[in-house]
Amino acid sequence: MEQILNGIRVLDFGRYVAGPYCATLLGYLGADVIRIERPGGGEDRFIAPLDDDAAGSVMMQTGCNKRSLILNLRADESRGIVDRLLESADVVVANLPPAALDRLGLGYARISALNPRIVLTSLTAFGTAGPFANRGGFDGVGQAMSGAMYMSGTPGNPVKAAAPYVDYSTAVLAAFGTLAALFERERSGRGQQVEGSLLGTALAVFNSHLIEEGGLALGRAPTGNRVQTSGPSDVFECADGHVLIHVVGNGLFRRVAAVIGADDWLEDPELESDIGRGNARDRLCERVQDWCRDRTVEDVLAMLAEAGVPAGPVLTLAETLGHPQTDALGVLKPVAMPGRDGQVPVADLPLAFSRNPGGIRTPPPAPGQHSREILTEAGYGVEEIEDFARKGVI
């Protein structure tokens, strides 16, 4: 069955996470993704290493379905190779500052002159204007500067989320923008530049909190897992583990009150709204904690599920891999590791299509695995390719 992006070619100049994963998502939908990386391999190959000889954990997630072309972009001959690839490409993904893009000949003005239909998806840490525009940054910097890290901790102890949600959310938004640009190209016949940034994504994800502060200037202090705008919502200790319970709205509040036997809450005027319950979060959460303490996680979850109250167990990594709901979703697929025996669980595209299914087709490539294949497709002869290899261009 034909995939949605069959016939679309993507040149992936991405580094680290956001750019490479944007290209991965396009590859999951069927695009031919050519990963152009420096000699020795790109930076994402070495993040969260599995061992000295295997691709890192990040590469296992960002490298599936791609073909690898090793190219020394400092070599004079590389500009001609890139230009030839640009002529037949539909999308270029690059998370590089504008100056670096221009230095590599990948600025939009130049590549659109070579190929007016091309879409350039460019990602930066802080955007292209402002005092931080020329600085680099990672996921954690976005978390820190959006207010999320401050509010995730406790007073004096800001906490970064272990999940790099800014990187991956930026990748998803960039893929979304790329698809929109390709859709528009069907009408106009012209490509365009799509720009995203880590900080922009972080501000969007945390926007509801910023809206409240901008509108009311409450100056909220962090309270860890205890939610401030509804309740009772927190992580609660049970006899054999922890559960997260999240209660929003009057209906769920009435349900949780019934489960734990707190009928008096329903007569309390301070608890008539989410705002009031958020302000009274400490006494609400402490009562739920008393109810959970001598019960098992399984018992707590069963009682809450029967009442229709959202809750889930706090799982270790191993427990997540072994949980029946993880297995039922089928999102994690066993993928072979380049250069090492065995397989690891890699997240497939966590979407299902009634037609044109996408997802993982091939494991991440070894560095330069497809260099000769790609250059042959671009029209280079065997002798030219061998000359590039001798000169260290590929």
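List the aspartates and glutamates whose alpha-carbon lies under 15 Å from that of K333, not counting same-chain residues fewer than 8 positions away?
Partners found: D348.
Just flag the chymotrypsin sites (Phe, Trp or Tyr not before Pro) in the stretch 322-394 sitting in loop per DSSP whose Cβ has no more than 13 other Cβ atoms within 10 Å.
When the chymotrypsin sites (Phe, Trp or Tyr not before Pro) of the stretch 322-394 are filtered for loop state and at most 13 Cβ neighbours within 10 Å, F353 remain.
Find which of M149, G368, L351 sits farthest along the positive direction of the dipole of the chain, computed with +1 on the beta-carbon of Lys and Arg, -1 on that of Asp and Glu, about the Cα centre.
Going by the charge dipole, the pick is G368.
Within 10 Å, Cβ to Cβ, of V227, how many net charges do the neighbouring residues add up to if Lys/Arg are +1 and Asp/Glu are -1?
Numbers: positive: R226, R277, R281; negative: D234, D274.
Combined, the nearby Lys, Arg, Asp and Glu give +1.
On a straight-distance basis, which aspartates and glutamates could pair with K160 in a cross-link, Cα separation under 12 angstrom, same-chain partners fewer than 8 positions away excluded?
Cα-Cα hits under 12 Å: D139.
Taking Cα pairs under 8 Å and at least six residues apart, what relative contact order does the chain come out at, in percent? Walk me through the numbers on the way to the answer.
Values: 711 pairs, mean separation 76.7, N = 394.
Across the chain, relative contact order equals 19 percent.
Name the aspartates and glutamates eligible as straight-distance cross-link partners of K391: C-alpha to C-alpha under 15 Å, and not fewer than 8 places from it in the same chain.
Straight-distance partners of K391: D76, E77, E383.
Treating only the Cβ atoms of Lys and Arg (+1) and Asp and Glu (-1) as charged, compute the dipole magnitude of the stretch 234-319 about its Cα centre; round to the nearest 20 debye. All intermediate terms of the calculation are to be shown ahead of the outcome.
Numbers: 8 positive and 18 negative charges, 39 e Å.
About 180 debye.
In whole Å, how far is the Cα centre of the stretch 92-129 from that of the stretch 270-313?
50
Please give the calculated 222 nm ellipticity per residue for the chain, where each DSSP H segment of at least 4 residues contributes -39500 (n - 2.57) and the sum is spread over every residue; nearest 500 deg cm²/dmol?
Numbers: 18 runs with 165 residues, N = 394.
Value at 222 nm, helices only, nearest 500: -12000 deg cm²/dmol.
Please report, in debye to the nearest 20, how large the charge dipole of the chain is about its Cα centre when each Lys and Arg carries +1 at its beta carbon and each Asp and Glu carries -1 there. Could the numbers behind the result be given before it?
Working: 35 positive and 49 negative charges, 269 e Å.
About 1280 debye.
Out of (i) 35, 24, 22; (ii) 36, 27, 17; (iii) 47, 24, 19, which label holds the value of semi-axes √(5λ) of the Cα gyration tensor in Å that was computed here?
Computing semi-axes √(5λ) of the Cα gyration tensor in Å and matching it to (i) 35, 24, 22; (ii) 36, 27, 17; (iii) 47, 24, 19 gives (iii).
Each reported figure results from applying straightforward, stated rules to the coordinates on display, with no laboratory input. All values reported here derive from a predicted model rather than from experimental measurement. Neighbour counts run over all protein chains shown; Cβ positions are idealised from the backbone, glycine included.
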